[in-house]
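The values are calculated or read from the model by the stated rules, or taken from the named source; none is laboratory data. Quick caveat, the model's predicted, so the values are computed rather than measured. Counting neighbours? That spans all protein chains shown, and the Cβs are built from the backbone with ideal geometry, glycine included. Just the protein is used for accessible areas: all its heavy atoms, side chains included, with ligands, DNA and RNA removed. Shrake-Rupley method; radii C 1.70, N 1.55, O 1.52, S 1.80 Å.
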Amino acid sequence: MRAAAFAELTGPDGVAIVEQPTPEPGPGEAVVDVEACAINRHDLWILEGDSAMVEADDLPFVSGLDVAGVVRAVGDDATGVEPGDRVVLCPNRTCGACRFCREGPENRCENFSLYHGGLAEAARVEADRLVALPDSVDATTAAALPTAYVTAYRMLRQAEVGPGDLVFVPGATGGVGVAGVQLADVLGAETVGTSSSADKLDRVEALGLDHPVRGTDPDELRPAVESVGAPDAVLNHLGGPYTGLGLDVVRRGGRVVVCGRTAGGRSEIDVPDLFLGHKRVIGSTMGTQADLETLVDLVAAGELSPEIDRTYPLEATGEAFAAMRDRESVGKLVVTN
């Protein structure tokens, strides 16, 4: 089979199409013929050499978390799926033994990690991590859900967002940003979102963004957000200075949920404002398999339509990562077979 492997950790030009043996399922496993696999900033960090999980000795490395397709074969003791089933993968890997695996939520597992291997024509996965797809949900749409939309949904739940709330989404045109805007709309909340691009903001406004704000400088964004109102919650997938910005603008008792570090791995905050304002900063990683099942149901019911900017054939995977690196897209980029 063909795979889009990371042959060098040098950015998009490090992707190479290679031939690999078609996998066979082991006990409890399934092999999925991959029809679609979305790419994420997580993959790009690996490709750029900005992740400790992959080193030169691991190359060639096949990344890709968000697998959707058709089950080809199942191994012994695999339950819940059969050959021919249409599925999407929950890419969580958990130990099954720690307190959080026993009591939930599973994304807090003490040994939490992620599946890799979806940027190929076939993928071997844990069978019990596969979620069935209704006929009304196609593979490309499903592949957009597991990372960006599950992450945003879990962040909204962590922030206790409900109808009538105001949610601030800095960087509202990326994968998690767009997902956050759309899902906040599903929950009946109002959103204020930012981007450096007026054209991108127009596109996200068409997806449900209520208050677009153009700009990237936190000092300039602060009064613009405050003119809309004091947000009840902030979805911060950028990290860096946007954590402080979120805490500055969020209302008394508000919640700032952080899931990423695209803008930087360190943040400065006003500690007295934090405790005197009864504000909360909450870290959040991915979500749960139940969250993914909920999102599949929302798509099937017509309540959610994940935004997919472009699709790329497997041989153009490097181009997809270049588009992500250059911030050309709004929503998800998906590699298809």
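Of all accessible surface on segment 216-331 at a 1.4 Å probe, what whole percent is carbon and sulfur?
Exposed carbon and sulfur together represent 47 percent of the surface.
Sequence-distant or interchain residues sharing an amide H contact under 5 Å with residue 73, placed H: which?
When sequence neighbours closer than 5 places are left aside, the close amide H contacts are 31.
Kindly express, to the nearest 10 degrees and within the range 0 to 90, the angle between helix 218-228's C-alpha long axis and the longest C-alpha principal axis of the chain.
70 degrees
Amide H of residue 193 versus every other amide H placed in the peptide plane: which residues, excluding those fewer than 5 positions away on the same chain, fall under 5 Å?
169, 211, 213
With unit charges on the beta carbon (Lys/Arg positive, Asp/Glu negative), name the residue among 12, 111, 158 whose Cα is farthest towards the positive pole of the charge dipole of the chain.
Comparing the listed Cα positions along the dipole, 158 ranks first.
Quick check on segment 99-170: take the gyration tensor over C-alpha atoms, sort the square-rooted eigenvalues as a ≥ b ≥ c, and tell me if it's rounded (a/c under 1.5), prolate or oblate.
Taking the square roots of the gyration eigenvalues as a ≥ b ≥ c, segment 99-170 is oblate.
Taking N as the number of residues in segment 231-330, what is its alpha-carbon radius of gyration divided by 2.2 N^0.38 Å?
Taking N as the residue count of segment 231-330, the ratio is 1.38.
Using θ = phi - 60° and the Karplus form 6.51 cos²θ - 1.76 cosθ + 1.60, what ³J(HN,Hα) does each residue of segment 179-196 get, whole Hz, x for Gly and Pro?
4, x, 4, 5, 6, 4, 5, 4, 7, x, 8, 9, 10, 10, x, 10, 6, 7
Beyond 27 Å, what share of the Cα-Cα pairs of segment 13-151 is found? Please give it as a whole percent. Walk me through the intermediate numbers first.
Values: 1956 of 9591 pairs.
That fraction is 20 percent.
With +1 on each Lys and Arg Cβ and -1 on each Asp and Glu Cβ, how big is the dipole of segment 193-337 about its Cα centre, in debye rounded to the nearest 20?
I would put it at about 400 debye.
Can you list the HN-Hα couplings for segment 322-328, worked out from phi with the Karplus curve (6.51, -1.76, 1.60; θ = phi - 60°), rounded to whole Hz and with x for Gly and Pro?
5, 5, 5, 4, 8, 6, 8
If I take every Cα pair under 8 Å that is 6 or more residues apart in the chain, average their sequence separation and divide by the length, what percent do I get for the relative contact order?
Rounded, it is 19 percent for the chain.
For segment 62-213, what does the accessible surface come to per residue with a 1.4 Å probe? Please give it in Å².
Solvent-accessible surface per residue comes out at 37 Å².
Only Lys, Arg, Asp and Glu count, each charged at its Cβ (+1, +1, -1, -1), so figure out the dipole size of the chain about its Cα centre, rounded to 20 debye.
Dipole magnitude for the chain comes out near 880 debye.
Return the Cα extents of the chain along principal axes one, two and three, sorted largest first, each rounded to a whole Å.
Extents along the principal axes: 57, 42, 36 Å.
Let me check the size of segment 213-279 from its C-alpha atoms; what are the radius of gyration and Dmax in Å?
11.1, 30
Sum -39500 (n - 2.57) across every DSSP H segment of at least 4 residues in the chain, then divide by the residue count to get the 222 nm mean residue ellipticity, nearest 500.
-7500 deg cm²/dmol
Among 79, 288, 311, determine the one that fluctuates most according to a GNM of the chain built with springs between C-alpha atoms less than 10 Å apart.
79
Using DSSP, restrict attention to beta bridges with both residues in the chain and report what percent are antiparallel, rounded to the nearest 5.
Working: 31 of 55 bridges.
Of all bridge pairs located within the chain, approximately 55 percent are antiparallel.
Whole-Hz Karplus ³J(HN,Hα) for segment 81-88, in order, using 6.51 cos²θ - 1.76 cosθ + 1.60 and θ = phi - 60°, x for Gly and Pro?
9, 9, x, x, 5, 8, 8, 10
Please report the base-10 log of the normalised intensity I(q)/I(0) for segment 1-94, using a Debye sum with one equal scatterer per alpha carbon and no solvent, at each q in 0.12, 0.15, 0.18 (1/Å).
Each listed q maps to, in turn, -0.44, -0.67, -0.91.
Counting residues in segment 158-283 as N, plug N into 2.2 N^0.38 Å and put the Cα Rg over that result.
0.94
Residue 308's amide H: which non-local residues (gap 5+, or another chain) put their own amide H closer than 5 Å, with H modeled 1.01 Å from N in plane and none for Pro or chain starts?
Residues meeting the amide H criterion: 332.
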